[in-house]
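Reviewing the structure listed below.
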Amino acid sequence: MTQPKKLYIKTYGCQMNVYDSERMAEALGASGYVPTDAPEDADMILLNTCHIREKAAEKVYSELGRLKGLKAGNPDLKIGVAGCVAQAEGEEILRRQPLVDLVVGPQSYHRLPELEARARSGAKALDTDFPEEDKFDRLGARPKAQRGPTAFLTVQEGCDKFCAFCVVPYTRGAEVSRPAARILDEARALVDRGVAEITLLGQNVNAYHGVGPDGADWGLARLIRELARIEGLERLRYTTSHPNDMEDDLIAAHGDCPELMPYLHLPVQSGSDRILKAMNRKHTAEEYLRLIDRIRAARPDILLSGDFIVGFPGETDADFEDTMSLVRTVGYGQCYSFKYSPRPGTPAAEHDQLPEDVKSERLARLQALLNAQQEAAQQAMVGRTVGVLFEKPGRMPGQLVGKSDHLQAVHVNAPAELMGRIAPVRIVKAAPNSLGGELA
Ligand code: 5AD
Ligand code: SF4
């Protein structure tokens with residue numbers, strides 16, 4: 001028997017990359033690879049890269065530079081670049097960094113075994129095509145081993161929205177939805193392996209429109225309702241969404257589908273109509289607020305999350321105050337906020353940029369407000385009893401850590417048998433990023 005080869009994958013960026021890394025590891029499993037956490041032991045190192053924010057490509061080149069020593073010590077080590085930087089840079093990576101053996105774009109992971117064989121033979125391997133077929137289908141069935149209670153499942157990829165700041169439509173291509181039958185099969189297989197909570201992923205997941213097993217067009221709500229019928233699948237979530245794709249039946253599902261958890265990440269980016277228009281978001285601040293009202297009418301206890309960009313080209317003090325005012329009106333439970341950074345090839349990168357100190361000052365003010373809202377949302381949980389899905393042991397002996405229905409981390413003294421199960425927990429204390437509770 002030959003020794004298994006070892007694979008080390010470093011994952012950057014979003015949850016879709018986390019899912020892709022899992023699937024890449026499984027694909028290379030067929031070529032005799034087993035995962036390792038130690039890059040120095042690896043026969044293959046894959047960087048699964050992200051291109052969403054500042055100097056992404058430069059960071060990858062410097063990370064590759066740091067791998068030089070490992071490659072010198074082990075000439076058989078193969079180094080690959082996957083993900084959105086691979087897609088955006090393509091052959092340039094092979095030109096600029098000769099130690100790279102393999103470059104694979106996010107739509108070509110099913111070809112990894114071939115590409116790996118080519119790299120092993122000493123040639124350079126490159127694939128950044130956008131093939132027509134469902135790459136996940138081409139990757140085949142997933143391994144049968146038991147796994148943790150939560151999983152990601154990509155249902156949709158790409159984006160047709162072309163927000164003026166964003167590279168995703170260029171790196172991930174046009175919106176493609178996987179057929180519902182494949183998603184249902186994959187979900188059943190995950191549940192058979194111990195999964196109780198699935199987060200459906202897509203760059204623009206609520207734009208999901210896939211072909212159903214009945215041949216009809218299924219939106220995300222229909223897909224969620226069918227998934228919810230799977231015995232043992234207790235919780236569903238989805239991320240990330242665009243306000244304009246929040247269809248009526250999806251809002252309704254938040255009210256009447258108990259498996260759909262009361263948490264929604266619905267980025268608005270700015271509270272100024274002028275900036276929203278310049279960003280090509282195609283809705284106003286008021287339309288977003290009315291949408292939030294409708295979602296809250298369907299599910300009053302929903303915890304809202306979002307993304308904000310400050311310092312977009314042309315943003316005035318008044319525009320920024322509109323963002324602050326929208327945040328005060330909504331009251332978020334948790335948010336991500338960023339300084340605008342120009343992405344080459346996107347429309348907004350062509351415009352005059354705001355001074356760095358203006359961006360920094362606005363970001364600090366926005367984050368202070370968002371942090372205060374997050375703390376208030378955490379504090380509001382004290383005294384309430386919520387479902388917690390236990391995922392792992394806590395730092396203290398006898399403790400387990402899990403996630404509440406609202407996606408907050410909760411520490412509880414609980415027997416190990418509860419691992420992978422959901423139990424009601426009374427929240428007794430709150431910190432900014434975690435809660436403490438007692439079994440109810
Ligand atoms: N600059 C700053 N933030 C950005 N995002 C996307 N592109 C940029 C950019 N050029 C943020 C958006 C998006 C999140 C994933 O990243 O807020 O929702
Ligand atoms: Fe990027 Fe999201 Fe806009 Fe699509 S909807 S272009 S992924 S920010």
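A few notes on this one:
- Filtered residues of the range 405-427 (kept if out of contact with any helix residue (DSSP H, G or I) (no Cβ under 9 Å at 6 or more places or on another chain) and either in contact (Cβ under 8 Å) with a residue 60 or more places away in the chain or closer than 21 Å to V191 by Cβ (or both)): D405, L407, E417, L418, M419, G420, R421, I422, A423
- Only one of P113, P98 that is without any contact (Cβ under 8 Å) to a residue 12 or more places away in the chain and either farther than 18 Å from C50 by Cβ or surrounded by 24 or more Cβ atoms within 10 Å (Cβ to Cβ) (or both): P98
- Scope the range 44-56; condition touching an Asp or Glu at 6+ places or on another chain (Cβ under 9 Å) and surrounded by fewer than 20 Cβ atoms within 10 Å (Cβ to Cβ); matching residues: none
- Filtered residues of the range 233-268 (kept if among the acidic types (D, E) and either under 19 Å from the mean Cα position of the chain (by Cα) or on the phi > 0 side of the Ramachandran plot (or both)): D245
- Residues located in the range 51-61, provided they are of a type outside the set (D, E) and under 19 Å from G90 (Cβ atoms): H51, I52, K55, A56, A57, K59, V60, Y61
- One residue from R299, R343, R384 being surrounded by 14 or more Cβ atoms within 10 Å (Cβ to Cβ), basic (K, R), in contact with a helix residue (DSSP H, G or I) (Cβ under 8 Å, 6 or more places away or on another chain) and more than 30 Å from A57 (Cα to Cα): R299
- Candidates G173, G202, G215: the one that is away from ligand 1 (no atom under 16 Å from the Cβ) and at pLDDT 95 or above is G215.
- Just one of (1) touching a helix residue (DSSP H, G or I) at 6+ places or on another chain (Cβ under 6 Å); (2) part of a helix (DSSP H, G or I); (3) buried (at least 22 other Cβ atoms within 10 Å of the Cβ) fails for M16. It is (1).
- Contacts under 6 angstrom Cβ, first residue in the range 190-206 being part of a loop (DSSP other than H, G, I, E, B), partner more than 16 Å from ligand 2 (Cβ to nearest atom) and modelled with pLDDT under 95, 6 or more apart: R193/Q146; R193/R147; G194/Q146; G194/R147
- Residues that are closer than 17 Å to L200 by Cα and of a type in the set (G, A, S), drawn from the range 124-168: G148, A151, G158
Residue-wise test of (1) touching a Gly at 6+ places or on another chain (Cβ under 9 Å); (2) aliphatic (A, V, I, L, M); (3) closer than 30 Å to F162 by Cβ.
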residue	(1), (2), (3)
M16	yes, yes, yes
Y19	no, no, yes
Y33	no, no, no
D41	no, no, no
V81	no, yes, yes
P113	no, no, no
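- Filtered by the rule that a residue be within 13 Å of ligand 1 (Cβ to nearest atom) and within 28 Å of D301 (Cβ to Cβ), the range 339-369 gives a lone residue, L366.
- Checking each residue in the range 163-189 for being assigned to a helix (DSSP H, G or I) and in contact (Cβ under 8 Å) with a residue 40 or more places away in the chain picks out V168, Y170, T171, A180, R182, I183, L184, E186, A187, R188, A189.
- Qualifying residue in the range 28-43 (condition: within 16 Å of ligand 1 (Cβ to nearest atom), crowded, with 18+ Cβ neighbours inside 10 Å and aliphatic (A, V, I, L, M)): no
- Residue in the range 355-374 that is modelled with pLDDT of 95 or more and outside any helix (DSSP H, G or I) present: yes
- A430 vs. criteria at pLDDT 95 or above, in contact with a helix residue (DSSP H, G or I) (Cβ under 7 Å, 6 or more places away or on another chain), within 30 Å of K339 (Cα to Cα) and aliphatic (A, V, I, L, M): yes
- Residues that are out of contact with any helix residue (DSSP H, G or I) (no Cβ under 6 Å at 6 or more places or on another chain) and in a loop (DSSP other than H, G, I, E, B) within the range 315-330 comprise just one, T316.
- Qualifying residue in the range 282-303 (condition: in contact (Cβ under 8 Å) with a residue 24 or more places away in the chain, within 16 Å of ligand 2 (Cβ to nearest atom), among the β-branched types (V, I, T) and not in a loop (DSSP other than H, G, I, E, B)): no
- Just so you know, in the range 309-318 the residues that are surrounded by 21 or more Cβ atoms within 10 Å (Cβ to Cβ) and under 23 Å from R290 (Cα atoms) include one that is farthest from ligand 2 (Cβ to nearest atom), and it is V310.
- Residue count for the range 143-179, restricted to those that are more than 8 Å from ligand 2 (Cβ to nearest atom), charged (D, E, K, R) and crowded, with 22+ Cβ neighbours inside 10 Å: 2
- When L266, L276 are checked against the criterion of being within 13 Å of ligand 2 (Cβ to nearest atom), touching a residue at least 12 places away in the same chain (Cβ under 8 Å), hydrophobic (A, V, I, L, M, F, W, C) and in contact with a Ser or Thr (Cβ under 7 Å, 6 or more places away or on another chain), L266 stands alone in meeting it.
The values are calculated or read from the model by the stated rules, or taken from the named source; none is laboratory data. Just so it is clear, the model here is predicted, and its values are computed rather than measured. Cβ: placed from backbone, ideal geometry, glycine included. Neighbour counts: every protein chain shown.
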